[in-house]
Amino acid sequence: MLTKRIIPCLDIKNGRTVKGINFVDLRDAGDPVELAEIYARTGADELVFLDISATEERRKTLADLVLRVAEKVNIPFTVGGGISSVEDVDILLQNGADKVSINSSAVKNPQLINDLAAKFGSQCVVVAIDAKNIDGNWVVHLVGGKVPTELNLFDWAKEVEERGAGEILFTSMDNDGTKDGFANEALARLSTELNIPIIASGGAGTMQHFTDTFKEGKADAALAASVFHFKEIEIKDLKEELKTNGIPVRL
């Protein structure tokens, strides 16, 4: 059985790590390079970096930050935010990223998924999907959750897989930052209907929430931010708890 992965997420704004609730009310959470180094040392399986306010002129800034992080960590890390071309990905990979995460750009130009998978391999391509449950329909949102689309989460996820994505990072906007647990029902459906790994995101508050998302949500990995940044949960303790609950993890 494949081990389940624990992934701290660093949301980057103006070179700093920030964290909000339901995608708003951001507060500072520290220096991303320092945090990355701590997580790599204390048992994180991977890291995710999302430049949440990326614009074209800041691509160089993000590449520089990626390079600084790559020099400090020995675990895979994924970089996302403002990526819209093969060239963008090339720059980030050359600077030490292992995978890239695309979100809005994939919806606007689905062919980008095919192009990236063809050039860099599916294992390099993570498609992030932010969705909100509106009257029972999971609606995909773009631009950091600000813009609703016509897309349904499950239909879009299937298309993403067919186009060559290697993983899906699903964030429930309803659960994000609430610390009330992950959207396990939607996660279980994604995991059942798709053949690629699903990363659960949005809602981690307790160790039990991680156990639940692996057991009930059938997630392959769980991503969290504030519970790790503000030391409410230590990764080492979390993994020991998961192992006690019969969930395979890398200790």
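Things worth noting here:
- Given R0 = 30 Å, the distance between the Cβ atoms of Lys72 and Asn137 translates into a calculated FRET efficiency of 0.10.
- DSSP beta bridges in region 5-244 [antiparallel fraction, %, rounded to 5]: 35 percent
- Charge tally in the Cβ shell below 9 Å around Met173, where Lys, Arg are +1 and Asp, Glu are -1, Met173 excluded: -2
- Residue among Val73, Val147, Val125 with the largest mean-square fluctuation in a Gaussian network model of the chain, springs linking Cα atoms under 10 Å: Val147
- Heavy atoms of the protein chains alone define the surface here; on that basis the chain has 44 Å² accessible area per residue at 1.4 Å probe size.
- Violating pairs (Cα-Cα greater than 26 angstrom) within the set Lys4/Lys146; Lys119/Lys158; Lys4/Lys119; Lys146/Lys215; Lys72/Lys218: Lys4/Lys146; Lys4/Lys119; Lys146/Lys215; Lys72/Lys218
- A simple packing score, the average count of other Cβ atoms within 10 Å per residue, orders the peptides 164-171, 98-105 as 164-171, 98-105, with the highest score first.
- Calculated FRET efficiency, Val86 to Lys158, Cβ-Cβ distance, R0 = 25 Å: about 0.60 to the nearest 0.05.
- The simple Förster model, with R0 at 41 Å and r as the Cβ-Cβ distance, assigns Glu37 and Glu193 a FRET efficiency of 0.65.
- By definition, a body whose alpha carbon gyration tensor gives a ≥ b ≥ c is prolate when a/c is 1.5 or more and a/b is larger than b/c, and region 117-174 fits this prolate description.
- Remark: region 5-244 is approximated by an ellipsoid whose semi-axes, taken from the C-alpha gyration tensor as √(5λ), come to 23, 23, 17 Å, largest first.
The values are calculated or read from the model by the stated rules, or taken from the named source; none is laboratory data. Predicted model, so just to flag it, every value in this text is computed and none were measured. Cβ: placed from backbone, ideal geometry, glycine included. Neighbour counts: every protein chain shown. Note: areas computed on protein heavy atoms with side chains; ligands, DNA, RNA excluded. Shrake-Rupley method; radii C 1.70, N 1.55, O 1.52, S 1.80 Å.
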